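Here's the structure we're looking at; comments come further down.
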Amino acid sequence: MKRTTLNQIIDLLAAVFFLGMIATGYILYFPLPPGTNKSHLLWSLTRHRWGEIHAWLGLGVLAILFLHLALHWSWIVVAVSQRLGLTRDPQAKHLKSGIITALVLLGILGAFAWITQVSVKEQTTPCCPPKQRRKAPISTTPSRHPSSPATPHTAQPRIQPTIPTQRVPAAPPIEYWKDVYPRLASACLRCHGPNKTRGGFRLDRREDYFGSNENAALVLPRNSAQSPLLSIVKGERPSMAAAEAHKLPPRDIDLLRAWIDAGALWSQRAAPKKQDAP
């Protein structure tokens with residue numbers, strides 16, 4: 001490959017990486033600003049994923065810059081030597097100066113990485129404390145009829161009428177047989193029911209959820225983040241057989257998470273129907 005063609009390819013890659021950094025930087029600043037990582041998606045990617053793409057594009061630009069310097073190093077050495085008046089034998093210094101420059105740049109990058117690692121500190125106070133509403137001042141000016149004479153008297157505070165607040169009834173607790181089982185049965189009963197029990201797991205057996213002497217627990221009450229059942233239904237175990245088939249819709253996952261965090265209540269089962277009777 002000719003040197004000119006190689007330089008053109010490198011310049012084209014540099015332009016693509018620079019444009020990619022500009023585009024991802026715009027996404028991180030405007031469509032997905034800070035605080036939207038858990039609530040917004042852009043083309044199925046969160047703000048965290050776009051940040052990773054932005055970082056990789058930056059590393060690509062750095063690699064192209066090093067390659068560009070390597071291909072033009074002879075010209076750089078000659079130009080610097082002429083500027084400094086060292087034009088006796090610049091060709092003999094190309095390799096030595098290149099190695100020294102590469103070591104210096106690597107040392108600077110390594111020092112920067114080390115300083116950033118040791119300078120990280122845990123923030124003990126929240127960066128954005130919640131705003132407190134200012135209470136409206138109580139008016140102490142007495143009301144006076146326009147036709148009544150202005151007589152001096154003691155100011156009395158205006159008494160605001162109290163509006164009775166309506167109590168919102170507490171939501172009923174989430175129960176397995178009443179709320180969770182119907183959702184799971186529609187998607188999982190054919191493979192994890194009394195007729196077919198794959199993996200030794202059945203929807204209607206309590207010990208299959210909370211563990212026994214033979215099997216580990218899939219549900220840890222009030223701790224959905226550490227419950228293995230959540231990672232299974234979210235499709236986060238690609239090594240498991242038929243991992244995609246175990247993935248549930250988001251609303252079913254939210255219900256299952258709420259049930260676990262509320263204590264995983266397992267009440268008495270109502271009279272079972274024929275199709276799901278054990």
The stretch 209-226, residues that are surrounded by 17 or more Cβ atoms within 10 Å (Cβ to Cβ) and either in a helix (DSSP H, G or I) or within 19 Å of the chain's Cα centre (by Cα) (or both):
Y209, S224
Which one of L62, L6, L19 is at pLDDT 90 or above and loosely packed, with under 14 Cβ neighbours inside 10 Å?
L19
Within the set of pairs 6+ apart or on separate chains, which have a first residue in the stretch 78-99 that is over 16 Å from F66 (Cα atoms), a second that is basic (K, R) and modelled with pLDDT under 70, and C-beta atoms under 9 Å apart?
S81/R88; S81/K93; L86/K93
Looking only at the stretch 224-273, and only at residues there that are among the hydroxyl-bearing types (S, T, Y) and out of contact with any helix residue (DSSP H, G or I) (no Cβ under 7 Å at 6 or more places or on another chain), the one that is modelled with the highest pLDDT
S231
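The values are calculated or read from the model by the stated rules, or taken from the named source; none is laboratory data. Quick caveat, the model's predicted, so the values are computed rather than measured. Here the Cβ is made from the backbone with ideal geometry for all residues, glycine too, and neighbour counts use every protein chain on show.
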